[in-house]
1. Can you work out which of the residues in region 116-147 that are touching a strand residue (DSSP E or B) at 6+ places or on another chain (Cβ under 8 Å), surrounded by 14 or more Cβ atoms within 10 Å (Cβ to Cβ) and without any contact (Cβ under 8 Å) to a residue 60 or more places away in the chain is farthest from residue 208 (Cα to Cα)?
2. Answer yes or no as to whether residue 343 is under 25 Å from the mean Cα position of the chain (by Cα) and closer than 14 Å to residue 299 by Cβ.
3. If I filter region 259-281 for residues that are outside any loop (DSSP other than H, G, I, E, B), free of Cβ contacts under 8 Å to residues at least 40 places away in the same chain and within 18 Å of residue 339 (Cβ to Cβ), do I get at least one hit?
4. Restricting attention to region 312-319, does a residue exist that is surrounded by fewer than 21 Cβ atoms within 10 Å (Cβ to Cβ), in a helix (DSSP H, G or I) and not assigned by TED's automatic domain parsing to the domain that holds residue 170?
5. Of all residues being in contact with a helix residue (DSSP H, G or I) (Cβ under 6 Å, 6 or more places away or on another chain) and not in a helix (DSSP H, G or I) in region 320-335, which is surrounded by the fewest Cβ atoms within 10 Å (Cβ to Cβ)? Just the residue, please.
6. Considering only region 336-432, give the helices (runs of 4 or more DSSP H) lying wholly within it that have at least 1 residues that are assigned by TED's automatic domain parsing to the domain that holds residue 261 and at pLDDT 95 or above.
7. Determine whether residue 188 is more than 20 Å from the chain's Cα centre (by Cα) and either surrounded by 14 or more Cβ atoms within 10 Å (Cβ to Cβ) or under 21 Å from residue 129 (Cα atoms) (or both).
8. From the list 213, 284, 195, which one is touching a strand residue (DSSP E or B) at 6+ places or on another chain (Cβ under 8 Å) and either free of Cβ contacts under 8 Å to residues at least 12 places away in the same chain or surrounded by fewer than 18 Cβ atoms within 10 Å (Cβ to Cβ) (or both)?
C-alpha cells in the first residue's frame, strides 16, 4: 500500500521509548501515528512485521495468518478517515497492492507460496548491459564503476553468496579512487569475479529461492576449535625475518561433542620453506602472517571430512578476531592469501549445503582451546593430549593444500582446486 500525498518536510516525534520519523503535515502525522500504533492495538501483531519506507509500507506475515488482511483493512480505513489517499491497487501487484502472496517490493518480485524471488527483465537487462560494457576491455571511469557496484550491491541483498566475489571489485574501486580522473582497465581477477556476477544475474530469469535469515548456531551444530602457531621473528629494516626451528609449529583443529568427547582431529606442520623463507606479494613472511595461518587451521574440517559435514550446521571457533571479521566480509582487505582460503570455505560450504558460523573464542580460554594450542606446536603436545585423541578421526590433509604450502603464492584458482579435491573425496567415500 502506498500513500500518494506525503509532504516533503520531516520532523521527529518521540513518545515514551519510541522515535517516529514522520512528515510534517497534520494529516500525515496523524496517519503515521495511527498506522504505527494501530497495527499493534487494532490488528494485534508485532511491529517487527511492518517495514515502512519513504512511500511504501511492506508487510510480512506468517503463512495462513489473518494478520495480513486485517492490517490491510485497518490501514485502508485509517487512510480514509484522515483523508490520506492511497495509490490505486495494481492488478499485477507491481506498484501498489493490498494483501497478496506475491508482488514487487523495492524492485524485487516475491512469491511467498514458492518462497522465491526474481527481478524484472528490464532491471536484469540493465545490470547485464553494464557488466558487459565493463567486461569489453575498455578503460572504465570511476563514476561508471561506482554506478555498477551500486547495482551489484543492491542485487546482492537477495543473493548473499555473491558476497564472496566482491573483494576484488572493491580493490579495483580503491585503485580508481587513487586517481579519480584516470580510467582504468579491469584487472584479470576482477574480470573473472564479475563474470560470476553476470551468471548469477542472468540466472534470475527463473525464480530463485529466498535465502535464510542469519541465525545463531542451533543445538545440532557441530563445533570445532582451531589454532595456528606462527614463527618467531626479528625485525631488520622494517622487515620481519622468521627466526624459528622448522618442524615444530603448524595448525590444528579438533571437533568436540557436547559430552566433551573429541571425535575429530586434524593437524598440519608448516614446511620449512613456508615457515622461514616464503614471502608474499608485499614482501611479508608467510610464517608471520597470523590471519592466513589461522584461516588454514579453520578450514581443515571442511577440507578433510566433507562426507560428515554435508548438509550440516557447523560452528568454527578461532582466537583471531581478524578471521571472524574476514568471514563476515568474505575476505581480508590486506591479506590476499587469507582471502583465498576464506573464499575456499565460502565455496565449499555452499557446495556441501553447510551453514557455517565463525565465532571468536579467547585464546586458551577453555581446556579444548588449550588443547588446540598445544597441538599447533608439536613440542608442546603431551602424551596426555595424544591419549585424549586416540579415538578421534584423523583424516589426511588434501594434496592441493600441501602443494600450495610447498610453494605459496597468490593463487585465486586454489579454492576451485580444493573444491575439486572435496568432490573427489566424496566420490571415493562409501556413503556417496
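The values are calculated or read from the model by the stated rules, or taken from the named source; none is laboratory data. Every value quoted in this text rests on a predicted model; they were computed, and no experiment measured them. Glycine also receives a Cβ, built like all others from the backbone with ideal geometry; neighbour counts cover every protein chain displayed.
1. Filtering first and then ranking leaves 140.
2. Yes, satisfied.
3. Within region 259-281, one or more residues are outside any loop (DSSP other than H, G, I, E, B), free of Cβ contacts under 8 Å to residues at least 40 places away in the same chain and within 18 Å of residue 339 (Cβ to Cβ).
4. No; the residues of region 312-319 include none that is surrounded by fewer than 21 Cβ atoms within 10 Å (Cβ to Cβ), in a helix (DSSP H, G or I) and not assigned by TED's automatic domain parsing to the domain that holds residue 170.
5. Among those that are in contact with a helix residue (DSSP H, G or I) (Cβ under 6 Å, 6 or more places away or on another chain) and not in a helix (DSSP H, G or I), it is 330.
6. By residue number, 336-352, 367-375, 399-406, 414-428.
7. Considered against the rule, which asks whether it is more than 20 Å from the chain's Cα centre (by Cα) and either surrounded by 14 or more Cβ atoms within 10 Å (Cβ to Cβ) or under 21 Å from residue 129 (Cα atoms) (or both), residue 188 comes out as yes.
8. Residue meeting the stated conditions: 284.
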